[in-house]
Amino acid sequence: SQTIHQWPATLVQPVGSPLSLECTVEGTSNPNLYWYRQAAGRGLQLLFYSVGIGQISSEVPQNLSASRPQDRQFILSSKKLLLSDSGFYLCAWSVVRGKYNEQFFGPGTRLTVL
Amino acid sequence: AQSVTQLGSHVSVSEGALVLLRCNYSSSVPPYLFWYVQYPNQGLQLLLKYTSAATLVKGINGFEAEFKKSETSFHLTKPSAHMSDAAEYFCAVSYAEGGFQKLVFGTGTRLLVSP
């Protein structure tokens with residue numbers, strides 16, 4: 001069966017510090033991968049998605065970047081964190097079922113920028 | 001463009017009462033619709049999905065949803081609420097952009113269940 005891991009689970013960082021969040025998927029190959037951010041009281045915002053190694057698409061211009069160095073590894077980074085980067089970050093992978101994708105989510109990382 | 005509207009950021013029910021969480025969608029093509037549940041500080045778990053088969057869809061934990069094209073709705077219901085149903089619920093619609101399937105989510109509805 002497939003599983004998705006994220007770490008760390010929680011993180012408190014000062015403004016201006018770098019960020020690296022990691023997501024790995026087990027039990028599948030060549031998955032589509034996604035990074036979402038969930039801010040307090042708001043829905044999920046798609047940040048990045050990837051269809052393969054080194055292939056990253058950005059949904060919104062921002063202070064963050066993503067990389068996919070291996071097939072089942074997806075990393076979210078920042079060189080200098082802003083207060084507005086605080087939130088709950090979710091990684092997801094998807095399986096194609098005909099005309100739609102079904103997405104499966106990781107446990108998330110709670111990021112607090114102080 | 002596809003979009004989803006969830007009416008009511010918070011819904012409160014008593015244990016044993018009917019649960020009704022509302023979702024309306026906007027889609028230029030036949031939609032694929034999903035309901036996800038999120039427990040505190042956890043990821044999202046798929047409750048159920050509509051993929052153009054039966055319009056009444058049954059999911060996990062006793063939830064079901066009915067697709068009504070004439071009303072562009074996909075409301076989530078459960079006949080009898082349980083304390084463990086307290087969570088945040090998200091409706092989502094799948095769409096294709098640039099040959100890639102994405103999901104757009106509603107802003108969520110927090111379900112509160114009182115004894």
Discussion item. Being within 11 Å of chain A (Cβ to nearest Cβ), closer than 19 Å to A:Gly108 by Cβ and not β-branched (Val, Ile, Thr) is the requirement here; does B:Leu33 meet it?
Written reply: no
Discussion item. Please go through segment B:62-89 and give me each residue that is of a type outside the set (Gly, Ala, Ser), touching a residue at least 24 places away in the same chain (Cβ under 8 Å), under 26 Å from A:Leu90 (Cα atoms) and touching a Ser or Thr at 6+ places or on another chain (Cβ under 8 Å), ordered by number.
Written reply: B:Phe63, B:Glu88, B:Tyr89
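Scan segment B:2-47 residue by residue and report those that are at positive phi and free of Cβ contacts under 8 Å to residues at least 60 places away in the same chain.
Quick first cut of segment B:2-47, residues at positive phi only: B:8, B:16, B:41.
If the condition is that a residue be at positive phi and free of Cβ contacts under 8 Å to residues at least 60 places away in the same chain, then B:Asn41 is the only one that fits.
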Practice prompt. Name the residue, out of B:Leu21, B:Leu47, B:Leu103, that is closer than 27 Å to A:Asn32 by Cα, away from chain A (no Cβ under 11 Å) and either crowded, with 16+ Cβ neighbours inside 10 Å or within 16 Å of the chain's Cα centre (by Cα) (or both).
Written response: B:Leu47
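So, in segment A:56-75, exactly how many residues are under 11 Å from the mean Cα position of the chain (by Cα) and either within 12 Å of chain B (Cβ to nearest Cβ) or not in a strand (DSSP E or B) (or both)? Spell out how you get there, then give the answer.
Restricting attention to segment A:56-75, the residues satisfying the condition of being under 11 Å from the mean Cα position of the chain (by Cα) are A:64-68, A:73-75.
Cutting the leftovers down to either within 12 Å of chain B (Cβ to nearest Cβ) or not in a strand (DSSP E or B) (or both) gives us A:64.
Matching residues across segment A:56-75 total 1.
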Fill in: strands (runs of 3 or more DSSP E) (entirely within segment A:1-47) containing at least 2 residues that are in contact with an Asp or Glu (Cβ under 7 Å, 6 or more places away or on another chain), without any contact (Cβ under 8 Å) to a residue 40 or more places away in the chain and closer than 16 Å to A:Ser94 by Cα
none
Practice prompt. Would you mind telling me which numbered condition in (1) small (Gly, Ala, Ser); (2) touching a residue at least 12 places away in the same chain (Cβ under 8 Å); (3) more than 10 Å from every other protein chain (Cβ to nearest Cβ) B:Ser94 fails?
Written response: (3)
Discussion item. If B:Lys102 satisfies all but one of (1) of a type outside the set (A, V, I, L, M, F, W, C); (2) in a strand (DSSP E or B); (3) free of Cβ contacts under 8 Å to residues at least 12 places away in the same chain; (4) over 20 Å from A:Glu59 (Cβ atoms), what's the number of the condition it fails?
Written reply: (4)
Item to complete: Filter segment A:30-75 down to the residues that are charged (D, E, K, R) and within 25 Å of B:Thr5 (Cβ to Cβ), then identify the one that is surrounded by the fewest Cβ atoms within 10 Å (Cβ to Cβ).
Response: A:Arg42
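Looking at A:Gly27, A:Gly52, can you tell me which residue is away from chain B (no Cβ under 13 Å) and modelled with pLDDT under 95? Working first, answer last.
Values: A:Gly52 fails: away from chain B (no Cβ under 13 Å).
After ruling out the rest, the residue left standing is A:Gly27.
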Item to complete: Being hydrophobic (A, V, I, L, M, F, W, C), surrounded by fewer than 20 Cβ atoms within 10 Å (Cβ to Cβ), assigned to a strand (DSSP E or B) and more than 14 Å from chain B (Cβ to nearest Cβ) is the filter here, so list the residues in segment A:76-114 that pass it.
Response: A:Val113
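Just to be sure I understand, how many residues within segment B:1-42 are of a type in the set (Ser, Thr, Tyr) and in a loop (DSSP other than H, G, I, E, B)? Steps first, answer last, please.
At the first step, the residues of segment B:1-42 found to be of a type in the set (Ser, Thr, Tyr) are B:3, B:5, B:9, B:12, B:14, B:25-28, B:32, B:36, B:39.
From what's left, in a loop (DSSP other than H, G, I, E, B): B:9, B:27-28, B:39.
Selection size over segment B:1-42: 4.
The values are calculated or read from the model by the stated rules, or taken from the named source; none is laboratory data. Quantities reported herein were computed from a predicted structural model and do not represent experimental measurements. Here the Cβ is made from the backbone with ideal geometry for all residues, glycine too, and neighbour counts use every protein chain on show.
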